[in-house]
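For reference, the structure is listed below as C-alpha cells.
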C-alpha cells in the first residue's frame, strides 16, 4: 500500500518543442512506494514527462520537486532518480558486469562494494553467470533485465521505466510484468512506469495517470478508471465501451433519468445537469446483458440484433437501437439462449454500470 | 517530436571542444585563403613581395587568350578524366559490389594498395611504359605493328591516361559504397514488374547510386585541374595546365599576385563545382568512404 | 541479387591488369641487373643492385624518409586530437531559437565547413595559401611549416570519420550514463571516446597515408634543408627514370600491401571470433556481416 508521503511533485510542468507543446501544464503528486503508470497513446507526452523528471530534458515552465527539494534545474547525474530506457541503452563496449557496476563506479564505490553488490543484482534478475557476456550476446529479455539491474543497484528513490517491455513477445511480457511488480513490492522503490498498453497498466499499477495531448485526463486507481471513467476518451481507452448519446429527461438528487433512444433509463450522476441536456453515457460491453424477452429492470433498452458471433469464452453481439446507435454486447456463453439475428432483443445492465462521461472525442490540442 | 537532448549546459560545453579545431582551421585554411584572394588584388613588388596599388590587373591578364586556352585545356582534361573514370569505374564498382564476399575482399585489397601508394610512383611507371624505348613501343614493334616508336610520352594523351589512372580509385570507392548500400530488393521488384535488365538499371540502380556517382565525379574532376606534377612528368613542357601555370608564376616568375589570381580562378571554379554538387544533393560524408 | 556473369569477372580482371601494369613494370625493372642508363628498358639478368643503391646514403633517401615519417606522426597526432574533439563537439547540435543561439550555430557550421575544406579544394590552392600565410607569419620553412600544413589537411579525414561513427551511435547511451551518475566529463571518457576509438584509429591511418603521400602541399611549404620523400622522388623522376626509384617504389608498395593486408586480417579475425562466440551462444544469424575496409 502506498504511504501517504509525497515523494515526487510536478507543478505546472510545461514543455514546448519548436512550435509543438508536448506537455501542457501537469500537476502530479507521486507517493512513496507506489507503482504509478503514465498511460496514453503515442505522442501524448508521457516520455517527455519522464525525461523531465530524469533530468534529461529541461521544462519550459513548471517545477519538479523530489522529497521536497526543487530539482527542476538539477543535472541528471545528481538526481537520485534512475531510468530504464525503452531500448535498454546498454553500453555495447562493456560486459554485463561492467554495465551493472557502472553507476557504482561513477559514485566512487570501492571495489569491495562493487564485488559484493553486482552478484546480488545478477541473482535478483536471475542472470547469474552472465557477467562476462556482452550486450550483443544477450536476448531482448536478458538485456532488459540487465538494464533494470543497472538502475536498481543504485537504490534510487525513484525508478522511471519507459515502456521497458515493448520489444518483448507476449509471453515474455506477461512474465516480466509479474517480475517487475514483485521486485517493486519487495524493494519498496517508487516506480513511475510508462506504457501505451492499457492492459499492462491495469494489471501492474497502484494508480494510473491517463494522458492525452500533454495533459492528464484522469488520475485514478485501475478500478476507478475502469468503473468511473470521467471522459469518453478515458472510457474508450480502457477496455471496450459503448458511448451512447442520451438526453436528460428528469433530474433527481444524485440521479438522472436519461432518454436513450426512447427508453427511460436511470443513471447515477453527481454533476449539475439541466433537463434536456445532451449527455454521453459509457456502457462497458462486458457488463451488458442480452435477453430475448423484455426484462423488467430499470436499465434496459430494446433493439434489433444485427449480428452475433460466438468466440468460445464469450459472445459478441451487435444490437441496433431505434435511433440507429449500435451497442456492443459481450456475454457469457454458458447456458445461453441465442436469439435469432434480426429479432428484437433486450439489453439490460446494473445501474452502476452506466457512467456519464464528458464528451471529449473531438478535442484536440 | 525530437527531444533536444540533455540540458542546455551540457551541449554548450560540449561544443566548446570543437573550438581548437575551428580556430586552427580558421587561421590556416580560412585566413590563408582570404590572404590569397587579397594578394590577387595586389601588384607585384620586388622579388617575392606584393603590395599596393590594389588592382584587378591580374585578372585582366588572365582574360587573355594564352591563359584562357590553358584554362580550357585544363578543364577539358579534367572533364574527360571524370568521364572516363565514370565509364571505366562505375561498371567495376558495380561488379565488385555484386561479387562474393571473398572475391570482394581480394578486389578491395588489390584496389586499395595502389590507392594508398604514392601517386608519383604510379605515374612514374607510365613514364617508363610510354617512353620511346619503353615496353609498349617495344612490344608493338616486336609484333610488327609499327616500324618506328610512337610518341606517347610528353603528349596530352599521356597526361590524360595518367590522370584517369591516378583518379580512378576516387570514382570506384564512392560508387562501390553507394552500390553496396543499395537495396537490391528494389531492383528485384522492378524486374518482377517486367523491366528488362537495362531498364531496371537505368530506372532503379542508377538513381539509387547517384550520390556515389556525384561524389565520384567531384572527387575526380576537382583535383585533376591542379595536378601539376602529373603534367610535368608525363606531359613535359607541351602541356601547360592551370596547375603548371600557377607553379610557374610562383616559383619561376616569382609573381606572387598573379599566381594568387590564378589560384583564385581555380578556387572559384572549385566553388562552383561544389555548389552544383551540393545543389544536386551531395554531402561531405559520401566523399570519405 | 544475381551473381556476376563471367564477363563481369573478365572486365574487372582487365581493369585490374591495367591498374597494375605500371606498377609491375616498376617492380620488374627494379630487379634489373643492367647497371647502365637503359636499366629501365633492357632487362639483363636479376640483381639487387638498385636496392643496395637505395641504402647507400649517397642516393640521399634516408633523410627524406625520416622527415616524412616524423611529419606524418606529428601531424596525425595533432590532427587526431583536434579532429576527434571537433567531431565530439559538433556531431549533434540542438536547434536554438534565440538570436544568440542561432548566430552561434551558424558560426559553428561555418567553422565546420572551413575545417573540412582542405579535402574539397585542389591541393595546389591550399599549398600556395599556406606558403604565403606562413611567410607572412614569419614561420621558418622546415619541419614546423610542414607539420602545421599537414595538420590542416589531415584534420578533415579524422573529423569526418569520427563524426560519422558518433552520429550512428545511440545518443541514449550518453543519456543513460548521465542518468547513472556520470558527469559530462566522465561520459566522454567512459562512453564517448571508447566507442569512437575505432573511428579515430581508422581516421588516423587514413590521415597517415595522406600525409606520407602528400606531394603538392609539401612541395610549397618544405624548407631548403628538409625534403619529404614524395618531393625528393619528384625531383628524381622529373628528369629521368632512375632505377633506384624503382626499388624505392617496390619497397613502398610492399609496405603498403603488408599494412593493408594486416588490417584486413584483423577485421576478418574479429569477425571470425565474433562468429565463434555467436555460434556458442546460439546467436548466429542475428549478426550482419559486413567486411569493412579500414
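Assorted remarks:
- Residues that are touching a strand residue (DSSP E or B) at 6+ places or on another chain (Cβ under 7 Å) and over 16 Å from residue B:119 (Cβ atoms) number at least 2 in none of the helices (runs of 4 or more DSSP H) confined to segment B:199-271.
- Within segment A:39-53, the set of residues being at pLDDT 90 or above and either over 15 Å from the mean Cα position of the chain (by Cα) or under 23 Å from residue A:73 (Cα atoms) (or both) comprises A:46, A:47, A:48, A:49, A:50, A:51, A:52, A:53.
- Hey, residue A:77 more than 24 Å from residue C:185 (Cα to Cα) and either in the same structural domain as residue A:177 (by TED's automatic domain parsing) or in contact (Cβ under 8 Å) with a residue 24 or more places away in the chain (or both) or not: no
- Residue pairs whose Cβ atoms lie under 7 Å apart, sitting 6 or more positions apart in sequence or on different chains, and linking a residue in segment C:196-223 that is over 25 Å from residue C:257 (Cβ atoms) to a partner that is not in a helix (DSSP H, G or I), are C:221/C:141; C:222/C:141; C:222/C:228; C:223/C:140; C:223/C:141; C:223/C:142.
- Selected residue (criterion: nearest to the other protein chains (Cβ to nearest Cβ)) from residues of segment C:161-183 that are over 27 Å from residue A:156 (Cα atoms) and buried (at least 24 other Cβ atoms within 10 Å of the Cβ): C:161
- Residue C:131 vs. criteria part of a helix (DSSP H, G or I), over 13 Å from residue B:18 (Cβ atoms) and in contact with a helix residue (DSSP H, G or I) (Cβ under 8 Å, 6 or more places away or on another chain): yes
- Of all residues making up segment C:166-192, the number that are without any contact (Cβ under 8 Å) to a residue 40 or more places away in the chain and more than 22 Å from residue A:149 (Cα to Cα): 5
- Looking only at segment C:28-48, and only at residues there that are modelled with pLDDT of 75 or more, surrounded by 18 or more Cβ atoms within 10 Å (Cβ to Cβ) and more than 8 Å from chain B (Cβ to nearest Cβ), the one that is nearest to the chain's Cα centre (by Cα): C:30
- Qualifying residue in segment A:133-140 (condition: closer than 28 Å to residue A:67 by Cβ, outside any loop (DSSP other than H, G, I, E, B) and modelled with pLDDT of 90 or more): no
- Test for residue C:23: is it at pLDDT 90 or above and either within 14 Å of chain B (Cβ to nearest Cβ) or farther than 30 Å from residue B:27 by Cα (or both): no
- Scope segment B:50-77; condition in contact with a helix residue (DSSP H, G or I) (Cβ under 7 Å, 6 or more places away or on another chain) and not in a helix (DSSP H, G or I); matching residues: B:50
- Residues that are within 18 Å of residue C:176 (Cα to Cα) and in a loop (DSSP other than H, G, I, E, B), drawn from segment A:96-131: A:108
- Criterion: out of contact with any helix residue (DSSP H, G or I) (no Cβ under 8 Å at 6 or more places or on another chain) and exposed (fewer than 13 other Cβ atoms within 10 Å of the Cβ) - qualifying residue of A:354, A:335: A:335
- Hits in segment A:50-70 - residues which are more than 14 Å from chain C (Cβ to nearest Cβ), without any contact (Cβ under 8 Å) to a residue 40 or more places away in the chain and either in contact with a helix residue (DSSP H, G or I) (Cβ under 8 Å, 6 or more places away or on another chain) or outside any loop (DSSP other than H, G, I, E, B) (or both): A:69, A:70
- The helices (runs of 4 or more DSSP H) falling completely within segment C:161-274 that include 1 or more residues that are under 21 Å from residue B:120 (Cα atoms) and not assigned by TED's automatic domain parsing to the domain that holds residue C:23 map to C:193-213, C:216-221, C:229-239.
- Filtered by the rule that a residue be at pLDDT below 90 and part of a helix (DSSP H, G or I), segment C:108-121 gives a lone residue, C:119.
Residues checked against (1) over 30 Å from residue C:90 (Cα atoms); (2) more than 11 Å from every other protein chain (Cβ to nearest Cβ); (3) modelled with pLDDT under 85; (4) within 21 Å of the chain's Cα centre (by Cα):
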| site | (1), (2), (3), (4) |
| --- | --- |
| B:5 | no, no, yes, no |
| B:13 | no, no, yes, no |
| B:31 | no, no, no, no |
| B:81 | yes, yes, no, yes |
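- Segment A:108-140: number of residues that are within 30 Å of the chain's Cα centre (by Cα), within 14 Å of another protein chain (Cβ to nearest Cβ) and free of Cβ contacts under 8 Å to residues at least 40 places away in the same chain: 4
- Residue within segment C:70-82 that is at pLDDT below 90 and buried (at least 18 other Cβ atoms within 10 Å of the Cβ) present: no
- The residues on offer are A:244, A:238, and the sole one that is crowded, with 18+ Cβ neighbours inside 10 Å, assigned by TED's automatic domain parsing to the domain that holds residue A:326 and out of contact with any strand residue (DSSP E or B) (no Cβ under 6 Å at 6 or more places or on another chain) is A:238.
- Residue list for segment A:39-49, filter: assigned to a helix (DSSP H, G or I) and either within 14 Å of chain C (Cβ to nearest Cβ) or more than 18 Å from residue A:159 (Cα to Cα) (or both): A:47, A:48
- Total residues in segment A:258-284, condition under 32 Å from the mean Cα position of the chain (by Cα) and either assigned to a loop (DSSP other than H, G, I, E, B) or within 16 Å of residue A:349 (Cα to Cα) (or both): 16
- Here C:88, C:119 are screened, and the one residue that is within 20 Å of the chain's Cα centre (by Cα) and either in contact (Cβ under 8 Å) with a residue 12 or more places away in the chain or more than 7 Å from chain B (Cβ to nearest Cβ) (or both) is C:119.
- Here residue A:151 meets the list (1) crowded, with 20+ Cβ neighbours inside 10 Å; (2) more than 12 Å from chain C (Cβ to nearest Cβ); (3) within 20 Å of residue A:102 (Cα to Cα) almost entirely, failing just condition (2).
- Those residues of segment B:116-159 which are surrounded by fewer than 20 Cβ atoms within 10 Å (Cβ to Cβ), part of a helix (DSSP H, G or I) and more than 9 Å from every other protein chain (Cβ to nearest Cβ), in sequence order: B:136, B:139, B:140, B:141, B:142, B:156, B:157
The values are calculated or read from the model by the stated rules, or taken from the named source; none is laboratory data. Keep in mind the model is a prediction, meaning the values are calculated, not measured. Glycine gets a Cβ as well: all are built from the backbone with ideal geometry, and neighbour counts include every protein chain shown.
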